[in-house]
Amino acid sequence: MSRARLSLWWFIGTLVFALLLMLVPLPHVLDPFKPYWPALVLLYWALESGDARINLGLAFVLGVCADMLNGVLLGEQALRLCVLAFIALRFRSRLRFFPMWQQTLAVLALLVNDRFLLLIVRAFAGEATPPALWWASPFVSAALWPFLFLLLDDLRMRLRLQ
Amino acid sequence: MPLAREESSPLFAGTAAGTLRLIFYLAMAMVLMVLDHRNGWLWRMRYATSIVIEPVYRLASLPSEGLRAASVAFADRRMLTDQNQQLREDLLLANAKLNRMQAVAQQNQRLKELLDTQRSLNLRVQMARVIGIDFGAYSHRMMINAGARDGVKTGQPVIDSHGVMGQVIDVLPNSSTVMLVTDPDHAIPVVDARTGLRTVAYGSRAGDQLTLPNIPIAQDVQVGDKLLTSGLGGRFPEGFPVGEIRSVAPSATGMFLEAHAIPSADLDRTDEVLILHDLAEPAGPPPPSPSAGPPSDEAPAPASSAPKVPLPSSFKPASPASTGVPQT
């Protein structure tokens, strides 16, 4: 029983930590290369435990929380994370059994798609088109994906959490 | 348990319910975005939930503060001595300049009172620390640790020791957000210090610089010209450095000159900033009632007693008028 509760807290903890990581500033030069942490962690849980834990409602709530913290436009990240979770859940059965490099490519595609969504939302909100370097973030995120996946998986195994 | 679930959802799972749910959530997100864009819901919600949000900001800024502390702790002695020496020299120079300025400032004050203008060289400022928060790449905003409880209001200019940084756009109880002058949505009325040309400096769409897109083609603008705030528009007080012109070229349409400037303030390095309480003179003719001057503190004494503003400003505008009228 306590094991189940502990794993629930672990799940919530990773999501909260991802939100914190999103806010932590990097040196100015590295700014555009910052990975989109909430999306990565959400993807991990979507692939790992599927709709037992992740559903669109949770992605929406996480996105609204991220928006409140980020203060750009309420609902922007909610929309992006919903789309991300939807695609990940729909193709979960295949994505899970991909070899790691294929999975990484899939994650890259998902995140690039996410950037396109962001671009569309920003364009509707009347903001400027970002410079080319702005597109670097999904690639950094995808490059980090195998490590994040293995790390979270390893920690989960070690703590024997669900 | 998960396996059983997967059998119900085959490899190419495509249930109508899932799609419907997606559409529902997307519609909700869009409604939220539109409402927020129209009515600024986000900030009202943020203000309501600030009791949760502000600690998160403090928590997220811990690593950068720790890094700063560590860099001081592990900096070698020679570097610190050098820095100390440099600061001493700067202080000496600044003090010398200040001494010379004081007489000029007093003279200026007297002349201004004679002219009955509501402006002074005294600054009423409030110090604030920058909270290291990442608002996403290219967002041109920053968070400072003074908020509504410290008397910060939306629209107050924020400066550092080198020049104008931006203005407060949103206020939480203990922190507030500053829009930097380089934000594409930001515009600041400036005047060329050399020629007196008045124009508007916008934030630029690419990179950390300012754009001055509509300078008349016959105007004399050169690389290296300093830009100061012009005080027009009633938001930024007059005479603060804004930037320095780095390039001038005809614009794409050929109708205007377009200049690019770099901001004088250290936008990404500063960790302590000043919030100005003196507002610019309001645009347009002054209101007729004598007690409706700008809230700046004109008392000749240095503005060390900041909280006591309402008292002097209520009877202040009467006194220059009473001294000014008999003399003219």
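If you count, for each residue, the other Cβ atoms within 10 Å and average over each peptide, how do B:164-174, A:125-135, B:66-76, B:40-50 line up from highest to lowest? Please list the in-between numbers first.
On the way: B:164-174: 21.7, A:125-135: 13.6, B:66-76: 9.8, B:40-50: 16.0.
So the order, starting with the most tightly packed, is B:164-174, B:40-50, A:125-135, B:66-76.
Could you list B:Val190, B:Val125, A:Val41 so that the one with the fewest beta carbons within 10 Å of its beta carbon is first and the one with the most is last?
B:Val125, A:Val41, B:Val190
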**Message:** Inside 10 Å of the C-beta atoms of B:20-26, what's the mean count of C-beta atoms belonging to other chains?
**Reply:** 6
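Under the Kirkwood approximation for Rh and a Cα-based Rg, what ratio Rg/Rh is obtained for the range B:187-263?
On the way: Rg = 11.4 Å, Rh = 12.2 Å.
My calculation of the ratio gives 0.94.
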**Request:** Please give the net charge around A:Phe86, taking every other residue with its beta carbon less than 13 angstrom from that of A:Phe86, where Lys and Arg add +1 and Asp and Glu add -1.
**Result:** +2
**Per residue, the convex hull volume that the Cα atoms of the range B:113-232 enclose (Å³)** = 139
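P(r) tail for the range B:25-105, what percent of Cα pairs lie past 16 Å? List each step's numbers first, then the result.
Details: 2452 of 3240 pairs.
The share of Cα pairs beyond 16 Å in the range B:25-105 comes to 76 percent.
For the range A:109-155, report the % of Cα-Cα distances exceeding 13 Å. Intermediate values should be presented prior to the final figure.
Numbers: 678 of 1081 pairs.
In whole percent, the long-distance tail amounts to 63.
In peptide A:90-99, what is the residue-averaged number of other protein chain Cβ atoms found within 10 Å of each Cβ?
Numbers: counts 8, 3, 5, 6, 3, 0, 2, 0, 0, 0.
What the average comes to for A:90-99 is 3.
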**Message:** Largest first, please: the extent of the C-alpha atoms of chain A along each principal axis, to the nearest Å.
**Reply:** 50, 33, 32
**Fill in**
Taking the alpha-carbon centre of each part, the distance from the range A:16-43 to the range B:174-188 in Å is 22
**Fill in**
Expected sort for A:66-74, A:15-23 on mean C-beta neighbours within 10 Å, highest first, is A:66-74, A:15-23
**Message:** Residue by residue through the range A:4-15, what is 3J(HN,Hα) from phi via Karplus (6.51 cos²θ - 1.76 cosθ + 1.60, θ = phi - 60°)? Round to whole Hz and write x for glycine and proline.
**Reply:** 5, 5, 4, 5, 5, 5, 4, 4, 5, x, 5, 5
**Asked** In terms of the Cα gyration tensor, with a ≥ b ≥ c the square roots of its eigenvalues, is the range B:46-87 rounded because a/c is under 1.5, prolate because a/b exceeds b/c, or oblate?
**Response** prolate
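Where Lys and Arg each count +1 and Asp and Glu each count -1, what net charge lies around A:Leu58 among other residues with Cβ under 13 Å from its Cβ? Intermediate results must be reported in sequence, preceding the final value.
Details: positive: A:Arg53, B:Arg21; negative: A:Asp51.
Residues near A:Leu58 contribute +1 overall.
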**Asked** Tally Lys and Arg at +1 and Asp and Glu at -1 over the other residues with C-beta under 14 Å from the C-beta of B:His37: what net charge comes out?
**Response** -2
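Every number here is computed from the coordinates shown, using simple stated rules; none is lab data. All of these numbers come straight from a predicted model, not from anything done at the bench. Ideal geometry is used to build each Cβ from the backbone, glycine not excepted, and the neighbour counts take in all protein chains shown.
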